[in-house]
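The values are calculated or read from the model by the stated rules, or taken from the named source; none is laboratory data. Worth saying up front: this structure is predicted, and the values here are computed from it rather than measured. Here the Cβ positions follow ideal geometry from the backbone for every residue, glycine too, while neighbour counts run over all protein chains shown. Note: areas computed on protein heavy atoms with side chains; ligands, DNA, RNA excluded. Shrake-Rupley method; radii C 1.70, N 1.55, O 1.52, S 1.80 Å.
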Amino acid sequence: MIGIEINGEFLDLPTTFFEVVRNSPYITNEELLGEYSLPVSIPYTDKNYRLLNYYGNHYKAHKKESIEGALHGGPNFMHNGKLVIDGFDKNMNVPGSQLTTGIFTFGISSFWQDVKGKKLTDLTLGGTRNFTWTTNNPYDGSPGFWQHVHAVASAPIEYTFVPIYNDGYGDYPGDLSSASFKHIDWMNKLDMNAHSVLYFADIQNAVSLCPAINIKYLLLQAMQQYGWKIEGEVLDDPTFSKLYSQSFRGIYWCNYSTATGFVNIFVKSSIDINLAEHVPDDYTIADFIIDLKNRYGICFKFDTNTKKCTALWLKNVVENSGVDFTAYVGAQVNVKTDAAVRNISLRNVQDSSDSYIAVTENASFPQEAPVRALRNRPAPAGIDEGNFIYVFEENTWYQRVTTGGTAVWRRVLDNIGDYVAADETESITTKINTFAISEQVVRGWSGHNYYGYMMACNQPGNWKQNEIITPFTMRSFICHGPQLDRRDDNTTVESAYYPYGSCHTSDNNGNDLGGWSNIYKYNFGGINNGIYEAQLKNWVQIFANTDVRTYTFLLPLYMLQQLKFEQVIIIKSVRFLIKTIKYTLPYNGTAIVTLHKMDA
């Protein structure tokens, strides 16, 4: 039977055929168009009225409604999905005249219906985790809050705490202490050294103990909460599994006062961590999925028949060997090119409240030879005025300037911004950003300073006690786990370490930690391991091609059902990716397939 099945019954439809459109989620830019039937008109019958949940009732408040169902083409089941009802028309004097309109969605379109309007803040994310206060010694073996914070900082789980230098977090206005006590310029100022006091009585931690949430965990939760399973090579990637999204809202675990000139901490006896409070506000799940695709080169394949999503790397999609369909293609071909050339940039939507300067394009700068670390820079006195020098471990540009008659190196640019194509014609954007890196003193101990590379920003923060709610965007980083400090004599001490997060793969002592960097361009030790080289280059180059061709495919039904968007199609030795598939049900043996030529 041709039609739409709901709860084991078929709608009464006069339509003798359906037109189905399937759009690739891969050959696209800002949105994922989806998979759906063309509009369906459903006449009034008592059965239809019941199966459509009495849509059209005069006393009902109507809105777009999604109803689980299945699409059949003759005797063949085709797709599970949703019938999306968006309106009706009828003569009020003739109740049986009602004509209801909608489309049948499946694949990614069905997922969009599941999460439509839903935000990351709607996810439960494990609910409220409650802790009691035991002691301020994180290593005494007790199961308290302070012990938990250090445990997840040392061994990250679905969330962690990483020190971040943030000189824009804000000022504490709550007492009569001096200005030196009020300014908060660190987040998560945790010292993992077993010989120190671990900053229990530090005003930075009282206000700005802000968790970071694992991005893989966010993705899993977004799928699972709405009934989808997710699997695929992306979830097994070691670097992707180490990506975290930073909160800028402090956990309310204590109050403090410095009115006497000393820090006085008043700990709460019961402390809650609810991760739903630590994701960006007004950030929809749909935008999160699209931003992951655009920043990291991930394609999401949705199968409504199994309610499963597969996350694949776009670079692997475009590199697979392909299947030859020359024998199944009609002779007629339509070719369309929508532009002479596409030069595509990859751009971040920077958080406007963060004043750090971000750049990636630097070929035109007058440059000195790049150096590994700050301590390897040459003396600025012998360098031409205005010249730049790049520091690999900080991923930062310094410029030689003269201040008060003295030549100095001044930090000017952070290599965390966009990938900008020459003669740009369009861009692919993402709202997922990252952090700059800055060398900071972790601690002083036994006559030495200990240094580490810290993430740095200038982002306003907030905490519950002062009830300031400051929005923030998603800022991601790679969590490397505990990192040894570097002592000022360039030695390390085994017991002196800190939780290390960064935008790249260099550690505190010039070693490459492996994997790919969380910035578009990064060259360390002659290896290009930024996102562009590691994940995006091949996909962007193929997407830049404007040669689009439409063929008639002559296929048996079983081959039509096996057509995959991640499959490379070969026609007369030329490689293509599928852009759109159109066919009718009942299936007549032909499908109109639009292909995107892979090679320029």
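Go through the range 536-564 and give me each residue that's of a type in the set (Ser, Thr, Tyr), out of contact with any Ser or Thr (no Cβ under 7 Å at 6 or more places or on another chain) and touching a residue at least 12 places away in the same chain (Cβ under 8 Å).
551, the sole residue that qualifies.
So residue 91 fits all but one of (1) surrounded by fewer than 22 Cβ atoms within 10 Å (Cβ to Cβ); (2) over 27 Å from the mean Cα position of the chain (by Cα); (3) in contact (Cβ under 8 Å) with a residue 40 or more places away in the chain; what number is the exception?
(3)
List every residue pair whose Cβ atoms lie under 7 Å apart, where the two residues are 6 or more positions apart in sequence or sit on different chains, the first residue falls within the range 404-433 and is farther than 19 Å from residue 340 by Cβ and in contact (Cβ under 8 Å) with a residue 40 or more places away in the chain, and the second residue, located anywhere, is open to solvent by less than 30 Å² (accessible area, probe 1.4 Å) and small (Gly, Ala, Ser).
414/436; 416/436; 418/345; 419/345; 420/345; 432/476
For the condition without any contact (Cβ under 8 Å) to a residue 24 or more places away in the chain and hydrophobic (A, V, I, L, M, F, W, C), what is the one hit in 302, 288, 325, 266?
Of the residues listed, the single one that is without any contact (Cβ under 8 Å) to a residue 24 or more places away in the chain and hydrophobic (A, V, I, L, M, F, W, C) is 266.
Please count how many residues of the range 490-548 are under 15 Å from residue 421 (Cβ atoms), assigned to a loop (DSSP other than H, G, I, E, B) and either open to solvent by 20 Å² or more (accessible area, probe 1.4 Å) or of a type in the set (Phe, Trp, Tyr) (or both).
Counting residues in the range 490-548 that are under 15 Å from residue 421 (Cβ atoms), assigned to a loop (DSSP other than H, G, I, E, B) and either open to solvent by 20 Å² or more (accessible area, probe 1.4 Å) or of a type in the set (Phe, Trp, Tyr) (or both) gives 3.
Only one of 337, 360, 304, 284 is polar (S, T, N, Q), within 30 Å of residue 67 (Cα to Cα) and either open to solvent by less than 30 Å² (accessible area, probe 1.4 Å) or modelled with pLDDT under 85 (or both). Can you tell me which?
Sole residue among the options that is polar (S, T, N, Q), within 30 Å of residue 67 (Cα to Cα) and either open to solvent by less than 30 Å² (accessible area, probe 1.4 Å) or modelled with pLDDT under 85 (or both): 304.
Can you find a residue that is loosely packed, with under 13 Cβ neighbours inside 10 Å and at pLDDT below 85 anywhere in the range 40-56?
Within the range 40-56 (the criterion being loosely packed, with under 13 Cβ neighbours inside 10 Å and at pLDDT below 85), the answer is no, since none of the residues qualifies.
Out of all the residues in the range 374-391, which are closer than 17 Å to residue 414 by Cα and at pLDDT below 90?
Answer for the range 374-391, where residues must be closer than 17 Å to residue 414 by Cα and at pLDDT below 90: 374, 390, 391.
Return yes when residue 237 is of a type outside the set (Val, Ile, Thr), open to solvent by 50 Å² or more (accessible area, probe 1.4 Å) and either modelled with pLDDT of 95 or more or over 19 Å from residue 307 (Cα atoms) (or both) and no when it is not.
No.
I'd like the residue in the range 307-330 that is among the aliphatic types (A, V, I, L, M) and over 17 Å from the mean Cα position of the chain (by Cα) and, out of all such residues, is surrounded by the fewest Cβ atoms within 10 Å (Cβ to Cβ).
Going through the qualifying residues, I end up with 327.
Just to confirm my filter: which strands (runs of 3 or more DSSP E) fall fully inside the range 419-489 and include at least 3 residues that are open to solvent by 50 Å² or more (accessible area, probe 1.4 Å)?
Passing ranges, in order: 436-445, 448-457.
If residue 117 passes every condition in (1) under 20 Å from residue 222 (Cα atoms); (2) crowded, with 16+ Cβ neighbours inside 10 Å; (3) of a type outside the set (A, V, I, L, M, F, W, C); (4) modelled with pLDDT under 95 but one, which one does it miss?
That leaves (2) as the condition not met.
For residue 103, indicate whether it is within 30 Å of residue 308 (Cβ to Cβ), more than 32 Å from the chain's Cα centre (by Cα) and either at pLDDT 85 or above or open to solvent by 20 Å² or more (accessible area, probe 1.4 Å) (or both).
no
Just to be sure before I move on: is residue 128 under 30 Å from the mean Cα position of the chain (by Cα), open to solvent by 30 Å² or more (accessible area, probe 1.4 Å), within 17 Å of residue 286 (Cα to Cα) and among the hydroxyl-bearing types (Ser, Thr, Tyr) in the structure I sent?
no
Results for (1) at pLDDT below 85; (2) part of a loop (DSSP other than H, G, I, E, B); (3) more than 30 Å from residue 486 (Cβ to Cβ), shown as yes or no for each residue.
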| site | (1), (2), (3) |
| --- | --- |
| 111 | no, no, yes |
| 136 | no, yes, no |
| 146 | no, no, no |
| 153 | no, no, no |
| 167 | no, no, no |
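Could you list, in sequence order, the residues of the range 28-39 that are open to solvent by 10 Å² or more (accessible area, probe 1.4 Å) and either at pLDDT below 70 or over 15 Å from residue 585 (Cα atoms) (or both)?
The answer is 28, 29, 30, 31, 32, 33.
Residue by residue through the range 399-418, note down the ones that are open to solvent by less than 20 Å² (accessible area, probe 1.4 Å) and either in contact with a Leu (Cβ under 9 Å, 6 or more places away or on another chain) or basic (Lys, Arg) (or both).
Hits for the range 399-418: nothing passes.
Would you say residue 395 is under 29 Å from residue 536 (Cα atoms) and in contact with a His (Cβ under 7 Å, 6 or more places away or on another chain)?
So residue 395 fits the description; yes.
Read through the list (1) under 35 Å from the mean Cα position of the chain (by Cα); (2) closer than 19 Å to residue 19 by Cα; (3) open to solvent by 50 Å² or more (accessible area, probe 1.4 Å), then give the number of the only condition that residue 75 fails.
For residue 75, the exception is condition (1).
Going by what's in this entry, would residue 222 be described as modelled with pLDDT of 95 or more and among the small types (Gly, Ala, Ser)?
yes
Name every residue in the range 555-573 that is over 18 Å from residue 76 (Cβ atoms), open to solvent by 40 Å² or more (accessible area, probe 1.4 Å) and at pLDDT 90 or above, in order of residue number.
572, 573
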